[in-house]
Every structure is written in structure tokens, then in C-alpha cells.
Amino acid sequence: MKKLLCLFTALILCIGLCACGNTVDATDIYTKAKEKTDALSSFDSTMELSVKYTTAGKVAGGNQSVVHTRLDRRTEGAPVYYSIYDITELSTGQSYTSSTYYADNVVYEMSGMGEKYMTRVSVESIESSFESVAFDVPVNVFKSSNVNENKVSVKAKASELGDMVDTFLSGVSSYCSSPDGDGKFSFDYSDVKIEFATDDNGYFEYISIAFTADFEALEGKSKADVSLKMTYNDPGSDVDIEAPADLGEYTWYEGGDKTQEELEGEMMEEILAMFNFENGTATKVENFDELYSIACSKYTKEVVDMYVQTIEAMGAMGGNK
């Protein structure tokens with residue numbers, strides 16, 4: 001969730017820069033906006049994400065997701081958040097709902113199958129997950145933006161966005177087979193369309209990202225259409241979070257109230273098993289997606305992502321030595 005909830009932040013419009021149809025450097029607008037929204041003590045957001053794979057014009061897989069998240073960190077050292085995920089598999093039409101609630105060092109996780117578990121997660125882990133509530137977009141992509149009143153739009157090269165576009169397609173192997181069977185694909189990305197708008201108080205009303213990626217799969221030439229829209233609901237207003245009514249139905253993971261150290265040790269073993277380590281680099285194992293899904297169901301996606309991204313970053317640095 002850390003990445004899927006990292007949202008674009010509020011903008012302070014500079015009237016001198018805002019001219020209908022003009023192309024301007026909106027770097028400063030984005031930078032100030034990010035600082036403003038990252039500082040929100042509470043927020044309510046709705047994220048709509050669609051990833052659709054097609055082969056020969058037919059839907060090969062993908063999903064449509066709606067994630068409603070509320071965060072309240074007004075009380076120092078005691079953050080609370082509640083996320084509800086509604087996901088529809090495009091190939092089957094099957095839909096399911098899962099949720100994550102956190103309060104008082106405990107995560108209450110309900111899976112799409114209705115399983116309900118509790119795990120202990122430190123406040124520090126949660127707070128680090130929400131240090132930024134905006135996508136960390138390289139600011140140079142906004143140097144040639146179209147600014148029209150409260151709306152900013154830009155087309156950026158996929159190469160300018162680093163690993164962001166690859167992250168959206170990390171699950172492609174779940175739906176398509178690679179030509180050589182190793183699960184690896186070479187993507188030909190379109191330009192990435194980015195658009196956001198702000199309200200009168202300088203907060204984001206929404207941010208959207210869209211792009212396509214062509215690639216070769218075992219089934220033939222394929223395409224992935226990706227779109228994301230994050231909407232802030234009345235940003236700047238205090239958000240109160242009510243605990244789910246069914247918390248009494250949750251049980252401790254594996255039936256025991258384990259200590260923080262025990263849980264972290266088990267989690268690290270499972271996360272490290274997702275990678276092969278050789279010559280200072282870290283590469284994903286063949287069944288990474290399966291292991292990743294299991295770990296997220298136990299320890300929450302945002303916590304697992306934090307460690308996975310750290311391992312990948314360290315592996316990338318090791319490979320550049």
C-alpha cells in the first residue's frame with residue numbers, strides 16, 4: 001500500500017504561470033503541492049486502478065480495483081487507518097472485497113476469502129508507510145506541463161518515470177506467459193499521461209495516470225492498458241475513523257499472540273525467500289507473485305512492500321558496482 005497509497009499532493013496555483021493552453025514549468029507547483037498534502041494529519045481518499053491485458057483484441061486478464069482509504073494521525077504516535085479494497089478480475093468477472101484496519105499496534109486483515117487475522121505491527125512501520133501520501137514523481141517531468149486554471153496535465157516519457165511504470169505491471173506473469181517461459185517481458189511503453197487538479201485551498205482534487213505497454217507473450221502480441229485515478233474527498237477536513245464492528249471475529253495469525261520480534265523474524269524469512277541472492281544482486285524467484293500474495297495476507301501489503309522495495313533497491317545498487 002505504501003506505493004499504491006502514495007498520492008500526488010496539493011498544489012498552490014501561481015496565477016502568473018497559469019494560462020490556458022500554455023506550456024509552462026510546473027515543477028514548483030508540484031513540489032509545493034506535495035509538501036502541503038504530505039503534511040495532512042488526516043485524509044479520505046478513493047483510488048480507482050485498472051490494469052487490462054489484451055491479446056489479439058481479446059481480454060486476457062487484469063483487474064479493476066477501487067480502494068477507499070482513511071487515515072487519522074492527529075494523535076502523535078497513535079495513527080489509525082482503514083482501507084477497503086473492491087477488486088474485480090476482468091477475465092472471470094469475479095469480484096471480492098478485502099480490508100485492512102490498524103489501531104493500537106495491531107493490524108486486522110480480512111482477505112478476499114473472508115479470513116480474518118490479527119498481527120502486531122509497530123507504530124514506526126505504519127508511520128514510515130505514510131511519510132509520503134503522494135506519488136514520488138521525478139519533478140523534471142513537469143517542466144513542460146499544460147496549466148489551465150486549477151488543472152495541470154503533461155505527457156512524460158516512460159523512461160523519465162524510472163521503475164514506476166514497471167511497478168504497475170509487476171503482476172503481468174499472472175495473466176500472460178512469456179515467449180521463453182521465464183516470466184520476463186520486454187515492454188514498449190507509450191507516453192505516460194499525468195493529470196491533476198486542485199481545489200481552492202490548494203489540495204488535490206484528483207490525480208490520474210494512464211499509459212499502454214505493448215509486449216510479446218506466448219499467446220502472441222499483447223497490450224496492457226493501465227489507468228489510475230486518485231481522488232481526495234474533501235481534503236483538509238478532519239477524518240474520524242470508526243473501527244469495524246466485527247473485530248471480535250479476528251484471531252491471531254497461526255493462533256498465537258506472537259511478539260513483535262517473532263513476527264518480524266518470520267516475516268523477514270518469508271520475504272527473503274522471494275529472492276535469489278547472487279553476486280550482490282537480488283532477483284525475484286519464479287513463484288514470487290504467489291509468495292508475495294501470501295505475505296501480504298499475513299503482514300499487510302504496505303509493510304511487505306517496504307521491505308521488498310528495500311531489497312530490490314539494494315540489489316540494484318549491488319548490480320551497478
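Every read-out reported here was derived from the displayed coordinates using simple, explicitly stated rules and does not represent laboratory data. Keep in mind that this is a model prediction, so the values were computed, not measured. For neighbour counting, all protein chains shown are included, and Cβ atoms are generated from backbone atoms with ideal geometry for every residue, glycine included.
In debye, nearest 20: dipole of region 23-254 around its Cα centre with unit charges on the Cβ of K, R (+) and D, E (-)?
Magnitude of the dipole: close to 700 debye.
For the chain, list the DSSP H helices whose alpha carbon atoms reach 15 Å or more along the long axis and whose average Kyte-Doolittle value is -0.5 or above?
Counting only whole DSSP H runs, the qualifying helices are 288-299, 301-319.
Pick from 247, 228, 40: which residue has the top mean-square fluctuation in a GNM of the chain where Cα pairs under 10 Å get a spring?
Among 247, 228, 40, the largest mean-square fluctuation in the Gaussian network model of the chain belongs to 247.
With the contact rule set at Cα under 8 Å and sequence spacing of 6 or more, what percent relative contact order holds for the chain?
Details: 669 pairs, mean separation 70.4, N = 321.
Here the relative contact order equals 22 percent.
Assuming a ≥ b ≥ c are the square roots of the Cα gyration tensor eigenvalues, decide whether region 68-187 counts as rounded (a/c under 1.5), prolate (otherwise, with a/b larger than b/c) or oblate.
It comes out oblate by the Cα gyration axes.
Go ahead and run the numbers for FRET between residue 89 and residue 272, Cβ-Cβ distance against an R0 of 45 Å, rounding to 0.05.
Taking R0 as 45 Å, the efficiency between residue 89 and residue 272 is 0.95.
In a GNM of the chain with a 10 Å cut-off on Cα contacts, which of 222, 41, 186 has the highest mean-square fluctuation?
Of 222, 41, 186, the most mobile in the Gaussian network model is 186.
Going down the table (184/223; 34/155; 143/301; 34/229; 155/223), which pairs top 22 Å between alpha carbons? Working shown, then result.
On the way: 184/223 15 Å; 34/155 19 Å; 143/301 33 Å; 34/229 17 Å; 155/223 19 Å.
From 184/223; 34/155; 143/301; 34/229; 155/223, over 22 Å: 143/301.
Given a 10 angstrom Cα cut-off, can you work out which residue in 82, 232, 250 is the most mobile in a GNM of the chain?
With Cα springs under 10 Å in the chain, the top fluctuation among 82, 232, 250 is at 250.
Ordered by residue, what ³J(HN,Hα) values in Hz, to whole numbers, does region 81-96 give under the Karplus form 6.51 cos²θ - 1.76 cosθ + 1.60, where θ = phi - 60° and Gly and Pro are x?
9, 8, 10, 10, 10, 10, 10, 10, 7, 5, 6, 10, x, 6, 10, 8
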